[in-house]
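**Q** Structure below; questions to follow.
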Amino acid sequence: MVFRPYQEVIMDYLWRTPGHWVSSVVWERANDVLWKTGSSISRASVINFLNRMVDEGVLIYREETGKGGARRLYTPVHSKSEFKKWLANHAMTRLLEEFPAETAAVLIALGHPEHPGK
């Protein structure tokens, strides 16, 4: 619902390796999975995705200097379960900010006990 297939592969890998810092080599892991379905993803797309997740507060990074120069290492801020809660809260907050009346109407229609205005 939220991620493209390659993004799911990357995030699942990061969630399965808590406490590990991972570089953009997750691009290789994503392609290992995607090649089985006849598709692939560029390393640049993976790096852009990882950096967007940093901007959203889903991942954090640290920089490391090595043989090939500087690189970023990434790790998730939340477990997969915590991320789902964060995402639901983030989405609901944005909906209430951007479409307060419409969101309230849907919550009322769903019989949500904590809809705005109750």
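**Q** Residues that are aromatic (Phe, Trp, Tyr) and either surrounded by 13 or more Cβ atoms within 10 Å (Cβ to Cβ) or in the same structural domain as His20 (by TED's automatic domain parsing) (or both): does segment 99-108 have at least one?
**A** The answer is no, given that none of the residues of segment 99-108 is aromatic (Phe, Trp, Tyr) and either surrounded by 13 or more Cβ atoms within 10 Å (Cβ to Cβ) or in the same structural domain as His20 (by TED's automatic domain parsing) (or both).
**Q** How many of the residues making up segment 53-76 are farther than 24 Å from Glu8 by Cα and at pLDDT 90 or above?
**A** 1
**Q** Right, another one. Please return the ranges of helices (runs of 4 or more DSSP H) entirely within segment 1-79 where 2 or more residues are surrounded by fewer than 12 Cβ atoms within 10 Å (Cβ to Cβ).
**A** 26-35, 43-55
**Q** Name the single residue, out of those in segment 64-90 being touching a residue at least 40 places away in the same chain (Cβ under 8 Å) and aliphatic (A, V, I, L, M), that is nearest to Leu107 (Cα to Cα).
**A** Once the filter is applied, the top-ranked residue is Leu87.
The values are calculated or read from the model by the stated rules, or taken from the named source; none is laboratory data. For clarity, every value in this text was computed on a predicted model and none was experimentally measured. Here the Cβ is made from the backbone with ideal geometry for all residues, glycine too, and neighbour counts use every protein chain on show.
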